[in-house]
Amino acid sequence: MFMNIVNLSELNDIEVIAMLIAGVLLLFAGYKIKKIGFFIVWFILGVSLMGYLMPTINHAVPEIAQNNLWQSLLPIAGGLLLGLMGFSVEKICVGGIAFGLTLAITAQYFGTNMQTMLIGGVVGVILAGVSVFLMKPAIIVATSLAGSYAVTMSILHWGVGIDPTTFYFPMLFGGTGLGSVVQFLTTRRE
């Protein structure tokens, strides 16, 4: 089952274009702009997380559910809050990005039932540990993966006739591989 982590149907074309541009920057220059890259990745994860929490918040506080301003501001605030973490401790950011992206991809393609998310969580913890141990390669692969995710979702949003269940993983991992190679080649002396 295919489901959106970032629900692009709720975004306008300018927002999807902004996500595509941020994705391309992360994909090909994530290590060079790692502070900005961390902010973008954490911002996207924060907005996604708030998107999942909004129904719970709306149920708990009905006044928020009736106010369109709060419906727009709370996901942005969640994104900014997590995005500011991108400027803090690098190891926590890299580990958190590896863990968060693993969970996002698990939920994106395999669903959100408890067993699937637990398996995704275990894989995410392992990948987070490896990413902290191998910092530079992990930053390159994590930013390439995040960029590839944003680009893939943008392409699938506009690509009428592209079957997401067939092309999601090939596009995601093909883009990650391409972005990683470009970043390794452009940062080999750093």
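Here are a few things to note about the model shown:
- Residues that are over 26 Å from LEU69 (Cβ atoms) and without any contact (Cβ under 8 Å) to a residue 12 or more places away in the chain, drawn from region 37-57: none
- Filter result for PHE173 (surrounded by fewer than 22 Cβ atoms within 10 Å (Cβ to Cβ), more than 26 Å from ILE33 (Cβ to Cβ) and modelled with pLDDT of 85 or more): no
- Residue match in region 9-21 (condition: open to solvent by 70 Å² or more (accessible area, probe 1.4 Å), under 25 Å from GLU190 (Cα atoms), of a type in the set (A, V, I, L, M) and without any contact (Cβ under 8 Å) to a residue 12 or more places away in the chain): yes
- Tabulated pairs, region 135-153, first over 19 Å from MET171 (Cβ atoms), second open to solvent by less than 30 Å² (accessible area, probe 1.4 Å) and aliphatic (A, V, I, L, M), C-beta under 8 angstrom, 6+ apart or interchain: MET135/VAL94; ALA138/VAL94; ALA138/ALA98; ILE139/VAL94
- Yes/no for GLN66 being in contact (Cβ under 8 Å) with a residue 12 or more places away in the chain, more than 30 Å from LEU127 (Cα to Cα) and either among the small types (Gly, Ala, Ser) or out of contact with any strand residue (DSSP E or B) (no Cβ under 9 Å at 6 or more places or on another chain) (or both): no
- All positions within region 35-64 that are touching a helix residue (DSSP H, G or I) at 6+ places or on another chain (Cβ under 7 Å) and either polar (S, T, N, Q) or open to solvent by 50 Å² or more (accessible area, probe 1.4 Å) (or both): PHE39, PHE43, SER48, LEU49, ASN58
- Test for THR187: is it at pLDDT 90 or above, open to solvent by less than 20 Å² (accessible area, probe 1.4 Å) and closer than 20 Å to VAL16 by Cα: no
- For the residues VAL123, VAL181, VAL151, the requirement of being over 23 Å from GLY83 (Cβ atoms), modelled with pLDDT of 90 or more and touching a helix residue (DSSP H, G or I) at 6+ places or on another chain (Cβ under 6 Å) singles out VAL123.
- When LEU185, LEU156, LEU178, LEU172 are checked against the criterion of being of a type in the set (A, V, I, L, M), farther than 20 Å from GLY46 by Cβ, assigned to a helix (DSSP H, G or I) and over 18 Å from the mean Cα position of the chain (by Cα), a single residue qualifies: LEU185.
- Per the conditions (1) part of a loop (DSSP other than H, G, I, E, B); (2) surrounded by 21 or more Cβ atoms within 10 Å (Cβ to Cβ), the sole criterion not satisfied by LYS32 is (2).
The values are calculated or read from the model by the stated rules, or taken from the named source; none is laboratory data. Only a predicted model underlies this, so the values are computations on that prediction, with no experimental measurement involved. Glycine also receives a Cβ, built like all others from the backbone with ideal geometry; neighbour counts cover every protein chain displayed. To get the accessible areas, we keep the full protein, side chains included, count just its heavy atoms, and leave off ligands, DNA and RNA. Shrake-Rupley method; radii C 1.70, N 1.55, O 1.52, S 1.80 Å.
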